[in-house]
Amino acid sequence: MKTLKTLPALLVLVAVLAGPAEAKRIVALGDLHGDLEATRMALRLAGAIDESDSWVGGTLTVVQTGDQLDRGDQEQAILELLDRLQDEARAVGGAVHILNGNHELMNARPDLRYVTEGGFADFEDAMPTVEEDSLLLAHDPAQRSRVAAFRPGGPYALMLAERPVVLVLDGNVFVHGGVLPLHLDYGLDRLNAEVRDWLLGMGEPPEFIHNGNSPTWTRDYSDDVDADDCLQLEEVLQRLGAERMIVGHTVQENGITPLCDGKVWCIDSGMSEYYGGRIEVLEIEGGAIRVLRLDELD
């Protein structure tokens, strides 16, 4: 086994949200990695937006499982599109839940290994006047606006602070990498709250949040998955009273893939141009689950 809004009070807790009696339609999107057109295509495939990028999903719930950032040049537009759609969906009884993945938290550190030149340029207008300090002076001038935007307390870190690491919704556990037993022992409420406070510039995150045991980094359920991994997954789901887990993080060679007898769905299909542009999303409606593929609708 491999080892810029007022924050809603809801996000102090891991969101364990009860659904209505009738089946709710949920569509989950995997990693986007700075590709705005792939993001738009996935949202249209889900039935969430029209050609003008306005919400048309009605009561649809969309969950994006993290990694909006890095490897592409259009990250600011993606963040702002998803942020706007949250408001539009909420106004008509729908919902858009956006999770933090490892690349969002890397940018807050700041760990800039996967930022493109275009990604640095994209945020030059995000911080028009930056008071230089030791952190900013440690980076090249072209990188400083992005560092200032995403470091804890910065304007885009505040946006990320609105987003949980783990979301439990109608028997589905949504997380970028995976939920391990140690995360349950630590407490999902506590984990989400500490990451939020760190992004706000008000504390430190859990010690494990940046290592291989992080819920944003682990690949226990998405890469070289064995029987022990599936047993661990079953333990986590039983403790949460959930039916399945939905993860991103690891590009699946054949697109969205169920593992562990359907107890985990790996939804990183490689939608961004960097990974080949395979547009797929996962639809959950009651007990029915299906993969929606762009090529099947053409």
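Every read-out reported here was derived from the displayed coordinates using simple, explicitly stated rules and does not represent laboratory data. In this text, all values refer to a predicted model and were calculated from it rather than measured experimentally. Cβ placement follows ideal geometry from the backbone for every residue including glycine, while neighbour counts extend to all protein chains displayed.
Can you give me the Rg/Rh ratio for the range 64-211, using Cα atoms for both radii and the Kirkwood formula for Rh?
Values: Rg = 15.6 Å, Rh = 16.0 Å.
A ratio of 0.98.
Taking amide H atoms as placed 1.01 Å from N in the peptide plane, list the residues 5 or more away in sequence, or in a different chain, whose amide H sits under 5 Å from that of residue 25.
When sequence neighbours closer than 5 places are left aside, the close amide H contacts are 61.
Taking Rh as the Kirkwood radius, which is the inverse of the mean 1/r over Cα pairs, what is the Rg/Rh value for the chain?
Rg divided by Rh gives 0.95.
Could you go through the range 226-236 in sequence order and give the Karplus-derived ³J(HN,Hα) for each residue, using 6.51 cos²θ - 1.76 cosθ + 1.60 with θ = phi - 60°, rounded to whole Hz, and x for Gly and Pro?
With the stated coefficients, the range 226-236 comes to 10, 4, 5, 4, 5, 5, 4, 4, 4, 4, 4 Hz.
Can you give me the Rg/Rh ratio for the range 128-274, using Cα atoms for both radii and the Kirkwood formula for Rh? Kindly include the intermediate steps, with their values, before the conclusion.
Details: Rg = 17.6 Å, Rh = 16.8 Å.
We get a ratio of 1.04 for the range 128-274.
Return the sequence-ordered ³J(HN,Hα) values of the range 138-150 in whole Hz as given by the Karplus equation 6.51 cos²θ - 1.76 cosθ + 1.60 applied to θ = phi - 60°, using x for Gly and Pro.
Each residue's phi maps through the Karplus curve to give 7, 10, 4, x, 5, 9, 5, 5, 5, 4, 5, 5, 9 Hz.
Name the residue from 161, 72, 139 whose Cα lies farthest towards the positive end of the charge dipole of the chain, charges +1 on Cβ of Lys and Arg and -1 on Cβ of Asp and Glu.
Positive-end residue among those listed: 161.
Excluding residue 137 itself, what net charge comes from residues whose Cβ is under 15 Å from its Cβ, given Lys and Arg +1 and Asp and Glu -1?
Working: positive: 144, 146, 151; negative: 131, 132, 133, 140.
Here the count lands on -1.
Treat each spin label as a single point 7 Å out from the Cα along the C-beta direction, and report the residue 204 to residue 50 distance in nm.
5.1
Spit out the partnerless Cys residues in the chain, using Cβ distances under 4.7 Å as the pairing rule.
Among the cysteines of the chain, those whose Cβ sits 4.7 Å or more from every other are 266.
I need the phi-derived Karplus couplings for the range 52-62: 6.51 cos²θ - 1.76 cosθ + 1.60, θ = phi - 60°, integer Hz, Gly and Pro marked x.
Those phi angles translate into 9, 6, 8, 5, 10, x, x, 8, 4, 10, 10 Hz.
Give me the Debye-computed log₁₀ of I(q)/I(0) at q = 0.16, 0.19, 0.24 Å⁻¹ for the range 22-63, equal point scatterers on Cα only, no solvent, two decimals.
Values returned for q = 0.16, 0.19, 0.24 Å⁻¹ are -0.40, -0.54, -0.81.
Any idea what the alpha-carbon Rg over 2.2 N^0.38 Å comes to for the range 61-141? Mind showing how you got there, number by number?
Details: Rg = 14.9 Å, N = 81, 2.2 N^0.38 = 11.7 Å.
My calculation over the Cα atoms of the range 61-141 gives 1.27.
Just grab the label-to-label distance for residue 239 and residue 121, each label 7 Å out from Cα along the Cβ direction, in nm (one decimal).
Between residue 239 and residue 121, the label points sit 4.7 nm apart.
Can you tally the net charge around residue 240? Count Lys and Arg as +1, Asp and Glu as -1, for every other residue whose Cβ sits under 13 Å from the Cβ of residue 240. Don't skip to the end; give the middle numbers.
Values: positive: 239, 244, 263; negative: 170, 185, 189, 234, 235, 243.
So the environment of residue 240 carries a net charge of -3.
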